[in-house]
């Protein structure tokens, strides 16, 4: 188990009298799941609309089985991109529900790229808050939209467990949000997030104890792929 530093994390002013006493120190459990591996086209290119590969579909089924064995899930949110949505649908098939499509969960857009370019890690050239993706979105704006989604969702699902199916960069941005890293901070690190992995964050949007930090996060697990067994992948392209 990895714990975040016990430091005050950035948020708006805390007003406990606004909330019922039972909700003051309630937490929300967020299960961030990366989509299964996707299928390159005939030219070896991977882009926003790439579907899951056969391996990716099997990974989606295995992470769905893992989620189905745990505590009840209140809702499943998914990026609209095909590889994420197909993974979310596999999970929802186990849970007998439908995913909520959330555009703010899409990946930071790097465009269609060849597998060799991805392996060369040209994405590492984008690290300043003002750096832009293929569609013109800045890295700062990307972090802001992911943070806005997370802020909204933890208020909506007090004392519940929810599943969020998205992408490696999106999950990385969500971890930065949980740890209180400002959207305008440069990206000088990354968290390895493999296909169909589970990253679990317990989050207290109004603080964990009276007099403590007004928001608090615990990283319960990061990049968990035990459920995938032999289908766990190493550093694969998104």
Q: Would you please name the residue that is modelled with the lowest pLDDT, looking only at residues in region 67-77 that are in contact with a helix residue (DSSP H, G or I) (Cβ under 8 Å, 6 or more places away or on another chain) and assigned to a helix (DSSP H, G or I)?
A: 68
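So, in region 30-45, of the ones that are part of a strand (DSSP E or B) and surrounded by 21 or more Cβ atoms within 10 Å (Cβ to Cβ), which residue ends up farthest from the chain's Cα centre (by Cα)?
So, considering only residues that are part of a strand (DSSP E or B) and surrounded by 21 or more Cβ atoms within 10 Å (Cβ to Cβ), the one farthest from the chain's Cα centre (by Cα) is 38.
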Q) Looking only at region 40-55, which residues are in contact with a helix residue (DSSP H, G or I) (Cβ under 7 Å, 6 or more places away or on another chain) and at pLDDT 95 or above? A) 51, 52, 55
Q: Starting from residues that are surrounded by fewer than 18 Cβ atoms within 10 Å (Cβ to Cβ) and free of Cβ contacts under 8 Å to residues at least 40 places away in the same chain, keep the ones in region 207-233 and report whichever is farthest from residue 174 (Cα to Cα).
A: 230
Q | Matching residues, region 131-179, being touching a helix residue (DSSP H, G or I) at 6+ places or on another chain (Cβ under 6 Å) and farther than 16 Å from residue 76 by Cβ | A | 131, 143, 145, 146, 147, 158, 173, 177
Q: Considering only residues that are under 30 Å from residue 59 (Cβ atoms) and modelled with pLDDT under 95, look in region 206-232 and name the one that is farthest from the chain's Cα centre (by Cα).
A: 230
Q) Any idea which of 169, 180, 133 is in contact (Cβ under 8 Å) with a residue 12 or more places away in the chain, surrounded by 14 or more Cβ atoms within 10 Å (Cβ to Cβ) and on the phi > 0 side of the Ramachandran plot? A) 180
Q) Taking residue 62, is it closer than 27 Å to residue 77 by Cα, modelled with pLDDT of 85 or more and either under 21 Å from the mean Cα position of the chain (by Cα) or surrounded by 21 or more Cβ atoms within 10 Å (Cβ to Cβ) (or both)? A) yes
(Q) Being assigned to a strand (DSSP E or B) and closer than 19 Å to residue 196 by Cα: is that true of residue 162 here? (A) yes
Q.
Take the conditions out of contact with any strand residue (DSSP E or B) (no Cβ under 8 Å at 6 or more places or on another chain) and in a helix (DSSP H, G or I) and apply them to residue 64. Does it pass?
A. yes
Q.
Pull out all pairs, ordered by first then second residue, where Cβ-Cβ is under 7 Å, the residues are six or more apart or on different chains, the first lies in region 147-158 and is more than 15 Å from residue 178 (Cβ to Cβ), and the second is part of a helix (DSSP H, G or I).
A. 158/23
Q.
Based on this model, can you work out whether residue 141 counts as closer than 18 Å to residue 181 by Cα, under 18 Å from the mean Cα position of the chain (by Cα) and surrounded by fewer than 18 Cβ atoms within 10 Å (Cβ to Cβ)?
A. yes
Q | Hits in region 83-101 (condition: surrounded by fewer than 16 Cβ atoms within 10 Å (Cβ to Cβ) and not in a strand (DSSP E or B)) | A | 93, 96, 97, 98
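The values are calculated or read from the model by the stated rules, or taken from the named source; none is laboratory data. All values reported here derive from a predicted model rather than from experimental measurement. Note that we place each Cβ from the backbone using ideal geometry, even for glycine, and neighbour counts take in every protein chain shown.
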